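Student: Before I ask anything, here is the structure I am working with.
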Amino acid sequence: MTTPHIRDYQGRRIHMIGIGGSSMSGLAQMLRARGYRLTGSDNLETYATKALREQGIPVTIGHSAENVHGAELVVYTIAILPDNPERVEAERLRLPTIERATLLGQMMEGAKTAIGVCGTHGKTSTTSMIAQALVQAGVDPSVHIGGSLDFIGGSTRIGGGEVFLTEACELNASFLHLRPTVAVITNIEEDHLDFYKDIDDIQQAFGRFLALLPRDGYAIGNGDDERVLELMNGLACHRLTYGMRADCDFRPANLCYDAEGRGSFDVSRHGKNLGHISLKVAGFFHVYNALAAAACAYAQGADLGKAFAALSDFIGAHRRFELTGEIEGVKLYHDYGHNPAEMKSAVGVAAMQGRRVIAVMQPHTYSRVKGLFDDFLTCTRQAAITLVTDIFAAREADPGDIHSRMLVEGMQRAGIEAYLTPTFEDTEHWLLRHGREGDLGLTM
């Protein structure tokens with residue numbers, strides 16, 4: 001069957017299964033702004049589903065076959081399995097269906113500049129930084145991110161049409177549905193081993209994504225990542241690197257950190273000072289993200305003074321080391337990090353704050369825990385205490401051979417003070433009983 005195209009459904013009803021997801025809710029807003037008729041369903045009532053209703057999009061909580069009746073196109077995400085009753089009914093009725101990543105690729109068509117930000121981690125923060133830099137520099141991009149950025153009022157922004165900026169996710173190689181003219185690549189590391197065979201297979205997928213760039217396009221990559229560098233060296237398009245190495249095109253000169261771990265530096269290109277950035281977000285990885293955004297702004301011919309000022313004003317996307325409150329003297333932060341490398345980075349930022357750190361880990365998917373088991377055991381080493389909840393299944397079924405108890409026992413053997421707190425209620429009770437004034441609690 002020929003893949004349907006969104007342009008053919010203007011004025012016709014489109015039903016989105018899983019509409020409350022960060023990407024799907026953003027696409028729904030973009031479609032509505034372009035005049036499409038929408039309905040949606042999700043299994044949970046969330047801020048996103050409520051916000052969509054407030055914008056005039058009917059959303060049903062709970063999945064049932066009747067939800068797709070009357071729809072002329074059905075959109076779903078990979079988290080919606082084939083046995084979902086709405087997908088089953090759509091197939092029975094022979095309704096055209098497309099997956100979220102295919103829709104995103106179709107939405108990008110027509111933009112003169114299509115920027116895709118990819119990498120094992122750092123995509124949301126880097127995309128958010130680029131969005132703020134380009135908007136403040138007057139570029140007027142359309143934006144689609146997998147998180148929420150107050151600067152653009154959520155996860156999407158409708159721009160003038162010339163520039164489309166989005167995260168390009170490697171999960172199930174979905175980024176291969178996009179057609180970028182600019183690719184920003186933050187890093188290549190092991191993840192999603194339920195889909196990829198190994199790190200070499202992951203690198204090959206990123207290579208296929210970069211191969212989509214036209215000859216007059218731009219590849220902007222982390223020059224300190226050997227796998228990224230290897231892929232970039234084989235490209236025929238324009239190439240820009242950023243990082244700490246002396247041969248990177250964009251480097252931080254006079255780099256220093258304040259007491260809370262926030263970087264301040266001059267942006268140097270081949271020894272020439274292009275301007276200064278003083279970050280409001282902590283962590284060495286945000287220096288890399290800001291350099292990527294600076295290189296992207298440079299490639300777009302943006303006003304660098306305004307772009308660097310925007311990066312200096314950047315306060316982060318939600319759920320990225322976000323301060324959520326303080327209870328009985330314990331400062332609480334939340335970070336979306338869900339693989340060991342991201343968790344290690346988040347704990348490292350927490351450790352810079354000069355407080356006793358209690359890291360709370362909710363392991364994400366059975367396949368990830370099994371594939372990266374040894375990395376999970378040590379990623380919170382900089383915390384004083386680690387609490388581990390039950391594994392969050394997400395789109396997976398419990399295989400029965402992996403459990404958070406195994407993680408806690410492995411952590412304890414590695415010399416980490418770790419405790420199993422299976423539910424959120426168990427975790428809350430532990431924190432209220434054992435937390436001290438002045439502690440920092442980090443939930444991941």
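The values are calculated or read from the model by the stated rules, or taken from the named source; none is laboratory data. Quick caveat: nothing in here was measured; it's all calculated off a predicted structure. Note that we place each Cβ from the backbone using ideal geometry, even for glycine, and neighbour counts take in every protein chain shown. Side chains included, ligands, DNA and RNA excluded: accessible areas come from the protein's heavy atoms. Shrake-Rupley method; radii C 1.70, N 1.55, O 1.52, S 1.80 Å.
Student: Between E326 and F392, how many nm apart are label points set 7 Å from Cα along the C-beta direction?
Tutor: My value for the distance between the label points is 2.7 nm.
Student: Are any of the pairs K123/K344; K197/K370; K197/K344 more than 18 Å apart by Cα-Cα distance, and if so, which?
Tutor: K197/K344, as the Cα separations exceed 18 Å there.
Student: Two decimals, Cα atoms only, Kirkwood Rh: what is Rg/Rh over the range 187-288?
Tutor: Details: Rg = 15.8 Å, Rh = 15.2 Å.
With Rg and the Kirkwood Rh in hand, the quotient comes to 1.04.
Student: Can you tell me how the range 76-200 classifies by the Cα gyration tensor, rounded, prolate or oblate, using a/c under 1.5 as the rounded cut? Show your work: numbers first, answer last.
Tutor: Working: a/c = 2.09, a/b = 1.37, b/c = 1.53.
Taking the square roots of the gyration eigenvalues as a ≥ b ≥ c, the range 76-200 is oblate.
Student: Largest first and to the nearest Å, give the Cα extent of the range 337-441 along each principal axis.
Tutor: That gives 40, 26, 26 Å along the principal axes, largest extent first.
Student: Given a Förster distance of 56 angstrom, what is the FRET efficiency for A253 paired with E72, based on the Cβ-Cβ distance and rounded to 0.05? Don't skip to the answer; put the middle values down first.
Tutor: On the way: r = 56 Å, r/R0 = 1.00.
My answer for the efficiency is 0.50.
Student: A further question on this structure: Give me the 1.4 Å probe accessible area per residue for the chain, excluding ligands and nucleic acids, in Å².
Tutor: Details: 19060 Å² over 444 residues.
Result: 43 Å² per residue.
Student: Please label the shape of the range 242-388 as rounded, prolate or oblate, based on the square roots a ≥ b ≥ c of the eigenvalues of the alpha-carbon gyration tensor (a/c under 1.5 means rounded; beyond that, a/b larger than b/c means prolate, else oblate). Present the calculation step by step, with values, prior to reporting the outcome.
Tutor: Values: a/c = 2.29, a/b = 1.75, b/c = 1.31.
Since a/c reaches 1.5 and a/b is larger than b/c, the shape of the range 242-388 is classed as prolate.
Student: How large is the charge dipole for the range 74-188, taken about the Cα centre, if only the Cβ atoms of Lys, Arg (+1) and Asp, Glu (-1) carry charge, to the nearest 20 debye? Could you put the intermediate results ahead of the total?
Tutor: Working: 8 positive and 11 negative charges, 28 e Å.
Computed about the Cα centre, the dipole is about 140 debye.
Student: Next question, about the same structure. Testing the spin-label approximation: label points 7 Å from Cα along Cα→Cβ at T423 and K112. State their distance in nm.
Tutor: Spacing of the two 7 Å Cα→Cβ label points: 5.7 nm.
Student: Go ahead and run the numbers for FRET between L93 and D201, Cβ-Cβ distance against an R0 of 25 Å, rounding to 0.05.
Tutor: 0.10
Student: Next question, about the same structure. How much net charge surrounds A351 when only the other residues with a Cβ under 12 Å from the Cβ of A351 are counted, with Lys and Arg +1 and Asp and Glu -1? Please list the in-between numbers first.
Tutor: Details: positive: K344, R355, R356, R381; negative: E260.
Taking every other residue near A351 into account, the sum is +3.
Student: Give, as a single signed number, the net charge of other residues whose beta carbon lies under 15 Å from the beta carbon of D8, with Lys and Arg counted +1 and Asp and Glu -1. Display every interim value, and only then the final one.
Tutor: Numbers: positive: R7, R12, R13, R34, R37; negative: E72, E109.
So the surrounding residues net to +3.
Student: Please tell me the relative contact order of the range 286-347 in percent, rounded to the nearest whole number, where contacts are Cα pairs under 8 Å and at least six residues apart.
Tutor: Values: 38 pairs, mean separation 11.5, N = 62.
About 19 percent, as a whole number.
Student: In debye, nearest 20, what is the charge dipole magnitude of the range 1-155 about its Cα centre with +1 on Lys and Arg Cβ and -1 on Asp and Glu Cβ, if you could check? Intermediate results must be reported in sequence, preceding the final value.
Tutor: On the way: 14 positive and 14 negative charges, 66 e Å.
In debye, rounded to 20, the range 1-155 gives about 320.
Student: Still on this structure: Between E190, E328, E162, which gets the highest mean-square fluctuation from a Gaussian network model of the chain, Cα cutoff 10 Å?
Tutor: Among E190, E328, E162, the largest mean-square fluctuation in the Gaussian network model of the chain belongs to E328.
Student: So, one more: How high is the relative contact order of the chain, given as a whole-number percent (alpha carbon pairs under 8 Å, six or more residues apart)?
Tutor: Details: 941 pairs, mean separation 49.6, N = 444.
Averaging sequence separation for qualifying contacts and normalising by length gives 11 percent for the chain.
Student: Let me spell out the model: positive unit charges on the Cβ of Lys and Arg, negative unit charges on the Cβ of Asp and Glu, origin at the Cα centre of the chain. What dipole size does that give, in debye rounded to 20?
Tutor: Details: 42 positive and 54 negative charges, 238 e Å.
Here the size comes out at about 1140 debye.
Student: Just for the chain, what percent of DSSP beta bridges are antiparallel, to the closest 5?
Tutor: 30 percent
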